[in-house]
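The values are calculated or read from the model by the stated rules, or taken from the named source; none is laboratory data. Remember, it's a predicted structure, so these values are computed and weren't measured experimentally. Cβ placement follows ideal geometry from the backbone for every residue including glycine, while neighbour counts extend to all protein chains displayed.
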Amino acid sequence: MKKYLRQLSTSFLITLSPVLVLYAQSKTELTNVFLGSSGDHGQLSPAASSPFHQMSIAPQTYPTLHMGYEHLAKEVLGFTHNRFEGVGCKGSGGLILVKPFLGLQDDGKPLIKEQEKAGPGYYDIALKSRIKAQFSVHENFGIHEYTFPVGDKGLSLNLAHAFNGAFVSNTYTLTKDAVLKGTIRSRTTCGVGIYSVHYAIAVANNSQWKGADNLLTLHLDNQTQKVTLRIAFSAVSTDYAEATLKANSTKTYAQVKAASDHRWETYLSGITVKGDPNREKLFYSLLYRTLQSPYQINESDGHYRGTDGQIHQSKGNRYHGWAIWDNYKTQLTLLELLYPEQYQNIVSSVSDLYRYGKFDFAGPNEPANSVRTEHAAVVLLDASKKGYDIHLSAIRDSLVRDTMRFDFSKPDKNLEAAYDMWAMAGLLPADRKHYLDRASSYAGVWLKEFKDLARPDVDRMSARNMYQGTVRQYRWNVPFDMQGLVNLAGGKEAFTAQLDDFFDHHYFNRANEPDIQSPTSYYASSKPSRYQSLVRELALDTVIQYYFNDNSRGIDPFIDQVYKNQPKAFVRTMDDDAGAMSGWFVLTALGLHQPLIGQPIYYVSVPLFPEIVVQRGEQKLKIKVINYNDKNKYVKRILLNGKDIDRLWLHHDELRKGGLLEIEASPELSTYGAENIWVSSLKDLD
């Protein structure tokens, strides 16, 4: 993976060096890590972190949000070392609280923030007490650098700290060379399972940690003004954490920050956009959010822990920390487009869930913090269709056993389980008829629960025991059989009228995922151009939003842009959900959305930038908009490598090969490709 990323970075710099000279700012400089970090508008943090690694250092503020941080808060209780960015259930993480203090003991009072600065890989803060703190993270290693005034001072350490009282246990030892190493077990997001973090901590002075249980103190020399604390994580063992700590024992803050910045720059350079400068900054700030999970859990020798709690070995990297129900339609799709070699390892890691123990949410031996794994079979089918090895023979029996747990008991669950059954039909062709029969059972439920929009509860959140959505919102959630859905709705014209009603009267819920892909339904309607204008409106324009993620329909609507490059970034109560919502914007910016995960088809719309370069492994896809203008939101023509394709969709193989994709835009409604639109059908698995 490291070799691949170096190659990716080098090829990108060589190919686009004129662009980089023209636009002097790096991708990391364009990235605003404070986006979504205030109020219930994203549940994000400016933590120092490294791409696809669990360590994440940020202040614990009061008051606080799901990530332990509120941008407007002045009181700082200390600094914690992990968080699952953008998730609900009041967040998770917040392990290992370190607090600098002045005097003989920590007085328990909060520190007061005066200034802060942060970017990808680092976070700096100046405190009213004249203490300054700088943090940086590269992979599984983090560094604290404190600047103190002369006088009594120290560091307090709370090893039992976790968000939401999720701490389970901690065991630690203090080695003869003053390395504190141990293992913390804590509850996962939503408190369903338990994950472990193995750690090692060292401070560059001659003092010893003192205290009892999980509350320790380190007193520093009166004349010492600069103190460095180093910390390492492992998902395998404390010995690996200690080895990482020792390997980085001479690294300075500046060196760690530079290494982290380089790693972030390499990943962010997977896409180069050229256009409105403010929109570029928004784009990279959102792309950044898609690159934080899942977390790499293997060590350099290939050892990793599975969900069975045992140590295994792999040739490629292994990942954990899933929010598949939330982000499989957007973030995972995006990662596959950008980093195919890494995505094979991600797919192998999803496959491992079936090999070592898959839970809908989490189990007792998670190797990293995690959220949920529903629709993992859909992800595997999608990967298989795109040419990835999903290790089917090793997990076939487990896949079948997993279907016994599919929940058909509620209207929304029925539609989702039917989707999984459709995926099973694609994964196991010998049993195709059985699984297609199960999938097709959705139709009876749809007619009973979703067809009649005159019933009084169709606009009530969580009516009929559904999860975070309304009848109107869930009724579109049949991506595997849009042609069947059109027929159930009464034909194409009736289907189109119902879609218009849904969006014209603001029944759409942009704050959550149940209907996130519903705009693509317009390509099955008699108004395909409405899809092209709608995704652009949702990404850039002022929207009216009545539904919120606290299972409420507000009396007063949210009226604003959904995506703003500021701390109060998203719709109120809209969580980013591990890159799900940020990924939707990035895909919209590319003009590509996959309407059905499980079929390698992408719907095309006008991108949000006139020029885009996607560096996909060794292949480069150039996307150019002819007649680009923000008012030109309709597709007039699509050329692939100079040839008019006369359709509004692309196959994954066409994107995989790279080349030049030209999209001619127009301010006028267009019928281009309307007679040749790909629409999913229940029996279309080829």
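Structural remarks
- Region 480-495, subset over 30 Å from the mean Cα position of the chain (by Cα), in contact (Cβ under 8 Å) with a residue 24 or more places away in the chain and part of a helix (DSSP H, G or I), residue surrounded by the fewest Cβ atoms within 10 Å (Cβ to Cβ): Glu493
- Selection status of Ser50, crowded, with 22+ Cβ neighbours inside 10 Å, in the same structural domain as Gln134 (by TED's automatic domain parsing) and in contact with a helix residue (DSSP H, G or I) (Cβ under 6 Å, 6 or more places away or on another chain): yes
- Residues of region 167-209 satisfying the condition of being at pLDDT 95 or above and small (Gly, Ala, Ser): Ser169, Gly182, Ser186, Gly193, Ser196, Ala200, Ala202
- Checking each residue in region 626-635 for being assigned to a strand (DSSP E or B) and either hydrophobic (A, V, I, L, M, F, W, C) or over 12 Å from Val604 (Cβ atoms) (or both) picks out Ile626, Val635.
- Cβ pairs under 7 Å, 6+ apart, first in region 405-422 and in contact (Cβ under 8 Å) with a residue 24 or more places away in the chain, second surrounded by fewer than 20 Cβ atoms within 10 Å (Cβ to Cβ) and among the acidic types (Asp, Glu): Lys413/Asp407
- For Asp644: the one exception among (1) without any contact (Cβ under 8 Å) to a residue 24 or more places away in the chain; (2) within 24 Å of Leu436 (Cα to Cα): (2)
- Residues that are in contact (Cβ under 8 Å) with a residue 60 or more places away in the chain, touching a Cys at 6+ places or on another chain (Cβ under 7 Å), within 21 Å of Gly42 (Cα to Cα) and not small (Gly, Ala, Ser) do occur in region 81-98, at least one of them.
- Where a residue in region 252-277 is closer than 21 Å to Leu334 by Cα and crowded, with 18+ Cβ neighbours inside 10 Å and its partner, wherever it lies, is among the acidic types (Asp, Glu) and at pLDDT 95 or above, with Cβ under 9 Å and at least six apart: Arg263/Glu139; Thr272/Glu611; Val273/Glu280; Val273/Glu611; Gly275/Glu611
- Scanning region 589-601 for residues that are over 14 Å from Met482 (Cβ atoms) and surrounded by fewer than 23 Cβ atoms within 10 Å (Cβ to Cβ) returns a single hit, Pro600.
- Applying the set (1) more than 30 Å from Gln619 (Cα to Cα); (2) in contact (Cβ under 8 Å) with a residue 40 or more places away in the chain; (3) among the acidic types (Asp, Glu); (4) touching a helix residue (DSSP H, G or I) at 6+ places or on another chain (Cβ under 6 Å) to Glu449 leaves exactly one unmet item: (2).
- All of Asp402, Asp407, Asp397 fail the test of being of a type in the set (D, E, K, R), closer than 30 Å to Lys315 by Cβ and surrounded by fewer than 17 Cβ atoms within 10 Å (Cβ to Cβ), apart from Asp397.
- Those residues of region 403-446 which are out of contact with any helix residue (DSSP H, G or I) (no Cβ under 7 Å at 6 or more places or on another chain) and among the charged types (D, E, K, R), in sequence order: Arg405, Lys413, Glu416, Asp431, Lys433, Asp437
- Any chance Val614 is in contact (Cβ under 8 Å) with a residue 24 or more places away in the chain and either crowded, with 21+ Cβ neighbours inside 10 Å or part of a loop (DSSP other than H, G, I, E, B) (or both): no
- Within region 503-527, being assigned to a helix (DSSP H, G or I) and buried (at least 20 other Cβ atoms within 10 Å of the Cβ) holds for Ser518, Pro519, Thr520, Ser521, Tyr522, Tyr523, Ala524.
- Residue-level analysis places Lys386 among those that are surrounded by fewer than 23 Cβ atoms within 10 Å (Cβ to Cβ), of a type in the set (Lys, Arg) and within 29 Å of the chain's Cα centre (by Cα).
- Subset of region 54-113 (residues that are among the aromatic types (Phe, Trp, Tyr) and surrounded by fewer than 17 Cβ atoms within 10 Å (Cβ to Cβ)): Tyr62
- Tally, over region 642-663, of residues that are in contact with a helix residue (DSSP H, G or I) (Cβ under 9 Å, 6 or more places away or on another chain) and part of a loop (DSSP other than H, G, I, E, B): 4
- Taking (1) surrounded by fewer than 23 Cβ atoms within 10 Å (Cβ to Cβ); (2) not in a loop (DSSP other than H, G, I, E, B) in turn, Lys568 satisfies each apart from (2).
- Neighbours by Cβ (under 7 Å, 6+ apart or cross-chain): first from region 655-676, on the phi > 0 side of the Ramachandran plot; second assigned to a loop (DSSP other than H, G, I, E, B) and of a type in the set (A, V, I, L, M): Gly673/Leu648
- In region 281-308, the residues that are surrounded by fewer than 19 Cβ atoms within 10 Å (Cβ to Cβ) and either more than 20 Å from Ala376 (Cα to Cα) or among the β-branched types (Val, Ile, Thr) (or both): Lys281, Ser300, Asp301, Gly302, His303
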